[in-house]
Amino acid sequence: MTQALNLAKRAAAHDDVPIGAVIVRDGRIIARGENRVQLKKNPTLHAEIIAIERACRKLQQKFLDGCDIYVSLEPCAMCATAISFARIKNIYFAASDPKGGGITANARVFETDKHLWKPNVVQMPEFADASAEMLRAFFVARRK
């Protein structure tokens, strides 16, 4: 999760919402991503999507069975669905997102019986404050 938080800082450095994601397989990082929505002017370039694309390219496969994803903020509905489609085993996230989260708030993507793949979801509260503070500081600065 520390790596995801470091990537979130990188996202903020190019004026993107500070969110980072890391995909791990067998205890090793295989892909990283940070938000690049503002940098690339593309609303789909969330940290999770970038990390999934990089992991699939590295492993040369479309499914990421046996992989885990660590994200500094609860994934939105788009990213939660992409994580499911990639068949990622576990989602670990730091801060919850009551406004835009797709797992514990709003869409609650994995609560339907019709969802094809349901990863295990674990919040890591020991990292929540660091992530939330980074997000708060980013938006305070943006409003100025």
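The values are calculated or read from the model by the stated rules, or taken from the named source; none is laboratory data. This one's a predicted model, so the numbers in the text were calculated from it and none came from an experiment. Surface accessibility is based on the protein's heavy atoms, side chains included, excluding ligands, DNA and RNA. Shrake-Rupley method; radii C 1.70, N 1.55, O 1.52, S 1.80 Å.
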Based only on Cα atoms, what Rg/Rh ratio does the range 20-70 have, Rh being taken as Kirkwood's radius? 1.00
How tilted is helix 47-59 with respect to the longest principal axis of the chain? Cα atoms for both, answer in degrees (0 to 90, nearest 10). 40 degrees
Calculate for the chain the 222 nm mean residue ellipticity that helices alone would give, adding -39,500 (n - 2.57) per DSSP H run of length 4 or more and normalising by residue count, nearest 500 deg cm²/dmol. -11500 deg cm²/dmol
Pairs of lysine residues in the chain - Cα separation under 27 Å, sequence separation of 8 or more or cross-chain: 25
Let me know the shape class of the range 41-113, please: from the alpha-carbon gyration tensor, a ≥ b ≥ c as square roots of the eigenvalues, rounded when a/c is under 1.5, otherwise prolate if a/b is greater than b/c, or oblate. prolate
What's the center-to-center distance, using Cα atoms, between the range 62-132 and the range 1-38 in Å? 15 Å
Excluding ligands, DNA and RNA, the carbon-plus-sulfur percentage of the accessible area of the range 45-144 with a 1.4 Å probe reads 55 percent
Quotient of C-alpha Rg and 2.2 N^0.38 Å, computed over the chain: 0.97
